[in-house]
Amino acid sequence: MIDPRILSPIVYSSVVLLVTLSVIYAVFKPATPRLMLSGLFINLGILIAYLWIFSAHQLYRLPFLFMSYVPATISASIIFYLLLATHIQERSLGLKQRYALGICSLSWAIFAGFCLVPNSYKKGLIFQLYGGHYTLIFLPFTILSACVCIYFLFLTYWLDPDFYNFSTKNRKQVTGFAIFFGIGLSCLLAISTISIPIATAAARYGSSTLSLLVLIGVATYVRDPQFVLSWVIDLKNHYRKRNYLYKLDTEKLANNLEHLMVTNKAYRSSDMSLESCATTLAVSRYQLSQLLNDHLATTFSRYIQRYRVEDAMILLKNYPERTIISIAYEVGFNSHSVFQTAFRNITGMSPSEYRQSRDS
């Protein structure tokens, strides 16, 4: 077994280096990506320090750090994913990404509330933990942080466009492996939480491994920055090839699509398809599909059905003497059952119920 005194200088060096880099990026280069990088460094530093202090049975000397590994693990994994995602996709933080950052803030806010607990009570919990008593109370928090970490690490893996080129069978295999890995890690964490010797050994080697990775990564970056960034650059190039909207004016395309629907009422054609609509807009069907999916959060079928149903609602109100089926055909539906289903999904009532509600 490796002597802890041999590894401690490595751990301390990596923590000092991470904290220093965090301060440099936060103070001297205050921009959103660099602030996120600063957050990644400081969370990694806290996680490494906590693991080493816990493995050395010295946590009772620093009770204010107790349970800090939970928000540190959650925040480090989320920020690492967001940094790569925003850099590879070359877009600013969206609403979902901001929600993810909100999870980081929430985890640290909960920990800040836990910091208000008296140190005497924390020391009692720490002594119980090291004594092997009541350790199951820490298991849910450990599994929670591990699951969040695994989830965002796999999201990072899925940033590679080659994943989407897998066959359905291979995707199921990867997904199955992810589930198996998560269950296995959860079982290992359960054993580690129950058995203090296993937990301290895992923490010791986890902190030393992370420290070595940090030091090797920084040394490699200083020696050859392009070597470290080559993987990210390759992913960005792959994403550009897969991103059909790359260098396309998406706002103009969305406006042209809306004009085609609102002014020209193209949706009234029962033969309207993704292919024909894309041809009219002078784009490919893949570009139009990605615009609808990524920017309008819908599919082509739902997009067209909404316009048809909204048009039908106006006709049902203004022309009470007309039959429902004639209105359905006029707005572009070629099946009465499809019209009924689409109308109910969007309005929550059938066309006849809608007409009666308007008449009353």
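Every read-out reported here was derived from the displayed coordinates using simple, explicitly stated rules and does not represent laboratory data. Nothing here was measured: the structure is a model prediction, and the numbers come from that model. Note that we place each Cβ from the backbone using ideal geometry, even for glycine, and neighbour counts take in every protein chain shown.
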request  = Determine ³J(HN,Hα), in whole Hz, for all residues of segment 115-130 in sequence, where each value follows from phi through the Karplus function 6.51 cos²θ - 1.76 cosθ + 1.60 and θ = phi - 60°; x replaces Gly and Pro.
outcome  = 5, 6, 5, x, 4, 4, 5, 5, 4, x, 5, 5, 5, 5, 5, 5
inquiry  = Show me, for segment 322-337, the HN-Hα J-couplings you get by feeding each phi into the Karplus relation (A = 6.51, B = -1.76, C = 1.60, θ = phi - 60°), rounded to Hz, glycine and proline as x.
reply    = 7, 6, 5, 5, 5, 5, 4, 5, 5, 7, x, 6, 10, 8, 5, 5
ask   = What ranking, highest mean first, results for peptides 344-357, 301-314 when packing means the other Cβ atoms within 10 Å averaged over each residue?
value = 301-314, 344-357
note = Diffing segment 98-103: the Karplus 3J(HN,Hα) column from phi (6.51, -1.76, 1.60, θ = phi - 60°), in whole Hz with x for Gly and Pro, holds 5, 4, 4, 5, x, 5
key: Global geometry of segment 250-359, whether rounded, prolate or oblate, following the gyration tensor of its Cα atoms and the 1.5 cut on a/c   = prolate
Order by protection proxy (mean Cβ within 10 Å, highest first), peptides 65-75, 324-334 = 65-75, 324-334
